[in-house]
Every structure is written in C-alpha cells, then in structure tokens.
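Here the structure comes first, spelled out in structure tokens, and everything after it is commentary.
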Amino acid sequence: MSYAEDQMDKSRKTFGRRCAIKKIALGIAALATALSSKPSKASSAQRIIVRDAGGTEAEIFKDIFYKPFQKATGIEVASVTSEHEPSAQIRAMVENNKLFWDIAAISSRAVLSLTARDKVYLEKHELENDRFVSLMPSQFRSPYSVGVNVYTTVLAYRKDAFKGRPLPETWKDFWNVKDFPGRRALRRHPCATIEMALMADGVAAENIYPLDLDRAFRSLDRIKPHISVWWTSAAQTEQLLQSGEVDLLPVWIVRAYMAMKAGAPVGFSWKQHIYDCGEWAILKGSSNIQACRQFIQFASNPERQASLAAYGGYGPPTPDAFQYIDSKQKTDLLTYPKNLQKGIRSNDLYWLKHQEEIMERFNQWMLN
C-alpha cells in the first residue's frame, strides 16, 4: 500500500507530487547502482532478482526459499530491498523498460493497484493448474500473484502492565481507558486504524465495509487524547513493546513474536485481527518469466511453506502446509482456521478506490 504525503492545500499537493516523482527516480537510481547499473542480470535464465522487505523477512526467505531453490535448480537468486510499499518503483521501472527486479514479494493491495487499472505492470503467472498453486485458497492468489505468507495486525500488550487485571482482547477494550488503563500507541496511518475505530464503536466485523468515516473519526476523537505514541514503522512497535514505553498497541503479529522471543513479557489477542497477504508477483517485461514461475512453484510447495511455522507469526497461505507442522505449533499460526476466522480481511479494493481521500482526511485530523 502506498503512503500519501500530508496535503493541506493545492500548492502543497503539487509540491508533494514533485517530491514523490523525485523520490521514485532516486530510488531507481539507487537500485541501479546496487545492481551494477544494469537491468536484471537474470537474462541468462540462471539468475533471478527478487525484491523483499529486507531485515528479518529477507533472512527468513533466504533460508526457506532462496538458497534451497538455487540448490535444487542451479538458478541463482539475488535479493534486494526497497521501501515498504514499492508500487511506484515498479511502475517507473516498467514504464522506462529498465527492470532491476524480476519478481517481488508485495502486498495483495499492491498487486491490485498494479493490475486493476488500464495499464498492467505485472505478468500473469499462468500457474492456476499447478499442483501446488491450485491448493491455495483463491483469496490468497490472483492471475498476477501467488501468496507467500499471510500477516495481520493484532492487539498486543505488556503482561506485566496487566498483572492481576483483565487482559485487553478487543478494540473496544483498547478504547476503554477506564477499565483497561495504560499507555497506548496507535499507527499514524488510517489503514487498519479506521477499521479498529469502527469495531471499537460496536460495528460488527461483517459490516465494516464500506467504511463509515464519520463514525470512525468520532471514535478516533475519543481515543486520541489517550495516545502516547503514534508509531510509523514495524521496528518501532517491537521496540515499544520491549522497552515497556507503552502497555498496549496494535502491531503486526511478527513483531509481537519477535518481542516475545527477545524476552519481553508480551501477549496478544487473536480477536478482531485485521489480515492481508504477501504475494509473489512477476514484473511486466521480465526476461526471466519462466525461471520466476519455477521459483513460485517451488515456494508454493506446502511442505516448504510449513517451514514458516518455525519463525512465528507467519501464516502459510496453503492449508495443506499444516499437515507438515507440529501440532503444538499449529495453533500459534495466523492461518490456523480457528485463528483466521477471528479476524477480518482488509478490503484491498475499497482502499484502492478511497485511499487518497481517507489519507488526506486522516492527516488533517492528526493536525487538529
């Protein structure tokens, strides 16, 4: 999902667009330098370049997907990292016919934004009948993408802050500062935050979309004075949990698990989590389409997807993966049926259509 700049009036909007164009150009230039200033060297079909989110995700993907694929096929996998949501970079690369990636792990929302309009920036994978890809539920794949992992936002809290007291489980609890006192943090972005505000106000999960923005912002007005930190990155949430700077906040579940593994007394609730899917997508015009398809087939093997369980928080998109996962681990995973059904799927199409207007309204609200 792309992140809009604060836009208060016409002149600031124009300035923001110019800055965005400059940022895209600089980002592509940086990628070009990192890859010897040449388009994808996977042109020999013996090397593919994969974009991922970097950090821990890159290390996990390297162990589970990249190295084993290279060993099995002889096709080298080189990974690169980009900004959190690289839709603009992908558009620029395709439009300029200079690809520095062959395939990217991106959100399903990014996939939709790159394929739902007149110009399509991704290749069709044509793997619908593949023995592994076909096992994946339709909500985790499209003609242009195949799921790699399912992720979600959950309500996390410090156990020591609630020792001897009821634990917060829902967004209504998060909004209830009287019965669940504590320092709070929220994401400085409307995506998922709006949905939380509506559920906190009593809207049933099945009635969240289309978003009732007036009701959501009235709900946000009530919690705003009680927010100690407005977080902007996943790494920040992990640090907040580990340091104990805040007592409860919404986080991506992987970060909650990381804080727990680091020894922080952290717990979380599966109730009303808001999930989406990360997916493999081949860039339009890649000279290594067949190698990329081979990689997707390899990564979609249920037994290989089951390896994600060891890292906590990552949900394999293929149900068949659970037959290869230890029974004690299954219930800790997002896509374990009982956990998945407690959440709602973020409506990517709705956000694609309304993101700009909601972002502008949210930024204005933050300034008030």
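The values are calculated or read from the model by the stated rules, or taken from the named source; none is laboratory data. The model shown is predicted, which means the values in this text are computed figures rather than measured ones. Quick reminder, even Gly has a Cβ in these numbers, built from the backbone with ideal geometry, and neighbours come from all protein chains shown. Surface accessibility is based on the protein's heavy atoms, side chains included, excluding ligands, DNA and RNA. Shrake-Rupley method; radii C 1.70, N 1.55, O 1.52, S 1.80 Å.
Across the accessible surface of region 293-368, with the other protein chains kept in place and a 1.4 Å probe, carbon and sulfur atoms take up 44 percent.
For region 50-157, compute the orientation-averaged projected area of the C-alpha convex hull (one quarter of its surface), in nm². Kindly include the intermediate steps, with their values, before the conclusion.
Values: hull surface 34.8 nm².
Approximately 8.7 nm², given one-decimal rounding.
Towards the positive end of the charge dipole of region 224-311, with charges on Cβ (+1 Lys, Arg; -1 Asp, Glu), say which of Ile296, Ser286, Gln272 has the farthest Cα. Checked the options; the winner is Ser286. Between the amide H of Gly182 and any residue lying 5 or more places away or on another chain, no distance stays under 5 Å, with hydrogens modeled in the peptide plane. Over the C-alpha atoms of region 288-340, the Rg to Rh ratio, Rh being the Kirkwood estimate, stands at 1.06. With the highest mean first, a sort of the peptides 49-59, 71-81, 344-354 on other beta-carbon atoms found within 10 angstrom per residue produces 49-59, 344-354, 71-81. Rolling a 1.4 angstrom probe over the protein heavy atoms with all chains in place gives the chain an accessible area of 45 Å² per residue.
Helices of the chain meeting both criteria, an alpha-carbon length of 27 angstrom or more along the long axis and an average Kyte-Doolittle score not below -1.0, with helices taken as full DSSP H segments, are 10-34, 348-367. Measuring nothing but protein heavy atoms, the accessible surface of region 159-267 at 1.4 Å probe radius is 49 percent carbon and sulfur. Each label was represented as a point 7 Å from its Cα along the Cα-to-Cβ direction; for Ala262 and Asp118 these points are 4.7 nm apart.
For the residue pairs Lys62/Lys261; Lys159/Lys261; Lys124/Lys342; Lys124/Lys353, the alpha carbons lie more than 25 Å apart in Lys124/Lys342.
How would you order 246-257, 135-146, 229-240 from highest to lowest mean count of nearby Cβ atoms within 10 Å?
Values: 246-257: 23.8, 135-146: 19.3, 229-240: 17.8.
Ranked from most to least packed, the peptides come out as 246-257, 135-146, 229-240.
Taken along the Cα-to-beta-carbon direction at a fixed 7 Å, the label points for Asn176 and Asp130 span 4.6 nm. Checking (i) 37.4, 122; (ii) 20.6, 68; (iii) 20.8, 63 against Rg and Dmax of the Cα atoms in Å calculated from these atoms, the matching label is (iii). Which whole-number percent of Cα pairs in region 144-276 have a distance greater than 23 Å? Above the 23 Å cut-off, region 144-276 has 29 percent of its Cα pairs.
Here's the list of aspartates and glutamates a cross-link from Lys284 could span, going by alpha-carbon distance under 16 Å and ignoring same-chain residues fewer than 8 apart: Glu95, Asp102, Asp118, Glu123, Glu126.
Using the Cβ-Cβ distance between Lys98 and Glu357 with R0 set to 51 Å, the FRET efficiency works out to roughly 0.95.
Can you tell me how region 249-325 classifies by the Cα gyration tensor, rounded, prolate or oblate, using a/c under 1.5 as the rounded cut? In terms of gyration-tensor shape, prolate. Amide H contacts for Glu279 (H built 1.01 Å from N in the peptide plane; partners 5 or more residues away or on another chain; cut-off under 5 Å): Ile106, Ser107, Ser108, Val148.
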